[in-house]
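Nothing in this text is a laboratory measurement; each read-out follows from the coordinates by a stated rule. None of the values given here were measured: they were computed from a predicted structure. All Cβ positions, even for glycine, are placed from backbone atoms using ideal geometry, and neighbour counts span all protein chains on display.
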């Protein structure tokens with residue numbers, strides 16, 4: 001077979017796949033009421049009761065993801081301990097070999113950036129490895145089926161967009177969308193109150209007989225109205241459409257109390273609920289909540305200061321407030337520059353928190369939006385490619401956070417003293433003995 005013919009077959013296969021994706025996304029799914037609508041994007045963690053974060057402090061889906069990631073890490077450690085028989089098994093099992101591979105990888109990273117000093121080996125390595133494994137569990141969790149998609153349905157608060165709902169079980173509901181790429185309806189305070197009234201009083205929902213009767217009547221009246229409007233040449237298309245919407249809204253109001261959506265006869269017959277509803281996922285990616293990333297960055301920030309003091313003693317703080325430079329300013333006027341540089345070091349140190357927190361949050365939140373948008377734009381086949389990319393990106397972000405922890409801690413332990421500062425202290429202090437094995441193998445600045 002020639003290369004041209006092989007290329008033609010591959011091209012034909014791609015065309016068939018594109019047509020199939022288009023048919024599924026824009027024809028089949030809308031006919032089933034599960035069209036690929038635009039996702040509702042929320043930055044803060046979402047409370048299960050639907051309360052806004054500023055109104056109530058409740059258990060959120062990102063906190064649930066954090067706890068599940070913690071549980072996954074603990075299970076991983078217990079399984080590793082049992083598989084290795086308390087790390088006494090000389091011939092490792094496959095699982096033990098896999099665990100040792102991860103541990104050895106992080107240990108080599110620690111040696112590369114911070115050397116073999118006891119402080120790095122006994123304290124910095126466990127911290128960085130724990131952060132790496134935790135973030136792997138937290139980041140990979142958002143790739144599991146059901147995460148960010150299965151949750152609790154509730155009424156949309158004012159300012160949020162939502163969709164009608166349809167009951168699919170005794171206490172199970174699903175968002176209803178028969179328009180591809182529909183962005184939803186923005187909820188007002190009145191919409192929320194009306195929806196909340198229905199949610200608290202399920203008995204206010206119409207019976208199936210009432211809905212079917214209203215649907216049949218709407219079908220006949222709409223057919224007559226459309227025929228009359230088609231014969232009228234004086235009205236614009238938008239005015240004709242508005243009259244049809246008004247008729248549907250009146251029919252919906254005949255069976256539902258204060259509805260938001262004007263239902264068609266088919267939607268009435270199916271039992272579509274005409275209120276603005278949204279779904280709060282049971283689990284959402286933990287790192288898509290800025291609270292987690294800032295909290296983890298603060299833990300690392302405190303650890304950096306602890307490592308710096310443990311390695312250098314109180315003189316570590318001269319990195320920020322250089323009292324020695326001020327004390328010798330009469331001999332070395334440039335000491336004022338050293339003092340100002342120390343002040344800038346404080347700003348740089350605080351910047352590490354922002355760097356660690358927002359880098360992780362930005363990448364994880366953007367990745368979640370990418371998966372949601374691609375799943376809604378092309379509901380089949382294509383999202384698999386982006387899931388593969390997300391596996392790589394989430395792993396890299398966990399590694400970057402752990403490595404930055406190593407780099408910043410190693411810099412704190414090494415210090416930033418010049419030769420002149422050491423000479424100035426020779427009269428009153430003995431030089432500190434340094435062993436070759438305590439020095440880092442390489443020095444890397446990020």
Query raised in the report: If you take the beta carbon distance between residue 209 and residue 107 as r and set R0 to 56 Å, what does 1/(1 + (r/R0)^6) give as a FRET efficiency, to the nearest 0.05?
Result: 0.20
Query - residue 227-residue 348 pseudo-label distance in nm [points 7 Å out on the Cα-to-Cβ vector] - result: 8.3 nm
Query raised in the report: Under a point spin-label approximation (7 Å from Cα along Cα-to-Cβ), what is the residue 58-residue 121 distance to one decimal in nm?
Result: 5.2 nm
Query - Distance from region 53-111 to region 248-263 (C-alpha centre basis), Å - result: 53 Å
Report task. Fewest Cβ neighbours within 10 Å first, please rank 116, 1 accordingly. Result -> 1, 116
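Apply the Kirkwood formula to region 158-281: the hydrodynamic radius equals the inverse of the mean of 1/r over all pairs of different alpha-carbon atoms; give it in Å with one decimal.
Every distinct Cα pair counted, the radius reaches 15.5 Å.
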Query raised in the report: What full-extension length gain, to one decimal in nm, is calculated for residue 253 and residue 220 as 0.36 nm per residue of separation minus the Cα-Cα distance?
Result: 10.2 nm
Report summary line: Ranked output for segments 279-290, 190-201 by mean other Cβ atoms within 10 Å, highest leading, reads 279-290, 190-201
Query raised in the report: With each label point set 7 Å from Cα along the Cα-Cβ vector, what nm distance links residue 305 and residue 414?
Result: 2.3 nm
Report task. Please sort 394-407, 64-77 by packing, taking for each peptide the average over its residues of neighbouring beta carbons within 10 angstrom, highest first. Result -> 394-407, 64-77
